[in-house]
Amino acid sequence: MAVPSDSNTSNSSFLHQFLQESCYPEELRDSIISLPKEEGWLTPHMYNYRGFWFDSKFLYGALRSQQQFQAQHSDIILSTLPKCGTTWLKALVFALTTRKQFPVSQQTHPLLTTSPQDLILNLEFFYARENSPPNFPTMNNNGVMRLISTHLPLELLPKSVGESKCKLIYVCRNPKDTFVSFWHFMNKMRGELVGLGEIPFPEAFDKYCRGASHYGPFWDHMLGYWMESLENPSKVLFLKYEEMKKEPDAHLRRMAAFLECPFSEEEEEGGVVGGISRLCSFESLSNLEVNKTGKGLLFGNSNNAYFRKGKVGDWRNHLTDEMATKLDQIVEEKFKGTGLKFNSDY
Ligand code: PAP
């Protein structure tokens, strides 16, 4: 979740624009105003554009990315719904694809001093800046490939993504934990950035179940990537947070094979796989100074907001039985016949 920033001043002006939605660019005013809307989680309103919910600033970024972003064959795009494991995925893919340049044993590894959120920029956040250049930058990757993150649904990705040979990795997470994580995160952002109190839990739950959360409905977002991964497995790798937690090394090997940079025998013997998964684990990243006390480039919010518990099943501490059943029923109904399932233990 980051866009390069020149100074704290540009941070605060971006934040100001984000929160004051009347600051959206003139050319979008008429089209945004006429969209269906409802009260936002951070901003006065969220808008429904082609079936998905956006804050106006990021809708602007999405539309601008559709006009200006040119995918390259070597791009790697990391896609998630918010709170499904974005930070972790960014760390893993960064460490994986730069492992020759930055051996994980190195004391100067970039992940030790930079938040994963700031190592890999988000597509629509980048284009949400009115003064951002048309070309998405290459960062820290030896100039060989671009690592790009996004929360956009498959349907709203820039056309060139589908036309190029670039690859996408999608991580989803069981909606009960995702909702709990999203509620905590939004409350933290409301306090830190906007000076607002918590959203009452039942109200938040109702919005989430109606699909009215950032980039939601979650079911349509997940299904778009799921179906594409079935049709086009060399283009989209579809992963689940819970399974990654259970077997991080196996998932790293899957990602490496998918990205056509498999681990060599020598690397396997040298323990590189375990080295990467340990470096990127919740325990390791959340204890780094940069992630404990640092601030993000985009909004200037605390990096520690991205490291809460990192556990599977925390929903049990928050949802009533009735709420859990309701979300399970939504999942069952929406995913029926698609083959996409979440283990009921999650
Ligand atoms: P984003 O989509 O807004 O960028 P994202 O990273 O997906 O955020 O969400 C943070 C969640 O991932 C938090 O989950 P929790 O609230 O249930 O605890 C966070 O703890 C978890 N997380 C962050 N880093 C890791 C990691 N290295 N391993 C596993 N989980 C992680």
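Points worth noting:
- Checked against (1) within 14 Å of the ligand (Cβ to nearest atom); (2) in a helix (DSSP H, G or I), Leu297 meets all criteria but (2).
- Odd one out for Tyr24, checked against (1) at pLDDT below 90; (2) over 22 Å from Val194 (Cβ atoms); (3) surrounded by 16 or more Cβ atoms within 10 Å (Cβ to Cβ): (2)
- One residue stands out among those in region 300-322 that are crowded, with 17+ Cβ neighbours inside 10 Å and away from the ligand (no atom under 11 Å from the Cβ): the one that is modelled with the highest pLDDT, which is Leu319.
- Residue list for region 323-346, restricted to those being farther than 16 Å from Tyr208 by Cα and buried (at least 18 other Cβ atoms within 10 Å of the Cβ): Leu340, Phe342
- Flag if Leu196 is assigned to a helix (DSSP H, G or I) and surrounded by fewer than 20 Cβ atoms within 10 Å (Cβ to Cβ): no
- Filter result (more than 16 Å from Asp206 (Cβ to Cβ) and assigned to a helix (DSSP H, G or I)) within region 329-342: Val331, Glu332, Glu333, Lys334, Phe335
- Here region 104-118 is the region considered, the condition is being touching a residue at least 40 places away in the same chain (Cβ under 8 Å) and surrounded by fewer than 23 Cβ atoms within 10 Å (Cβ to Cβ), and the residue that is nearest to the ligand (Cβ to nearest atom) is Asp118.
- Selection within region 156-189: residues that are among the aliphatic types (A, V, I, L, M) and within 30 Å of Ala71 (Cα to Cα). The member of this set that is farthest from the ligand (Cβ to nearest atom) is Val161.
- Qualifying residues in region 121-142 (those that are modelled with pLDDT under 95, aliphatic (A, V, I, L, M) and crowded, with 20+ Cβ neighbours inside 10 Å) - the one farthest from Lys167 (Cα to Cα): Ala128
- Of all residues in region 47-78 being hydrophobic (A, V, I, L, M, F, W, C) and away from the ligand (no atom under 16 Å from the Cβ), the one that is nearest to Ala212 (Cα to Cα): Leu59
- Failed item, numbered, when Leu288 is tested on (1) farther than 22 Å from Thr98 by Cβ; (2) touching a residue at least 40 places away in the same chain (Cβ under 8 Å); (3) within 16 Å of the ligand (Cβ to nearest atom); (4) over 20 Å from the mean Cα position of the chain (by Cα): (1)
- Taken as a whole, the structure leaves Leu81 outside the set of residues that are farther than 21 Å from Phe282 by Cβ and within 14 Å of the ligand (Cβ to nearest atom).
- Of all residues making up region 140-165, the number that are assigned to a loop (DSSP other than H, G, I, E, B), within 26 Å of Met244 (Cα to Cα) and under 18 Å from the mean Cα position of the chain (by Cα): 5
- Residue match in region 126-138 (condition: within 12 Å of the ligand (Cβ to nearest atom), within 24 Å of Met189 (Cβ to Cβ) and of a type in the set (S, T, N, Q)): no
- All conditions but one from (1) buried (at least 17 other Cβ atoms within 10 Å of the Cβ); (2) modelled with pLDDT of 95 or more; (3) more than 14 Å from the ligand (Cβ to nearest atom) apply to Ala91; the one that does not is (3).
- In region 36-54, the residue that is modelled with the lowest pLDDT out of those that are part of a loop (DSSP other than H, G, I, E, B) and surrounded by fewer than 16 Cβ atoms within 10 Å (Cβ to Cβ) is Pro44.
- The condition of being surrounded by fewer than 21 Cβ atoms within 10 Å (Cβ to Cβ), touching a strand residue (DSSP E or B) at 6+ places or on another chain (Cβ under 7 Å) and under 25 Å from Gly310 (Cα atoms) holds for only one of Phe238, Phe201, Phe185, that being Phe238.
The values are calculated or read from the model by the stated rules, or taken from the named source; none is laboratory data. All values reported here derive from a predicted model rather than from experimental measurement. Cβ sites come from the backbone with ideal geometry, for glycine too, and all protein chains shown count toward neighbours.
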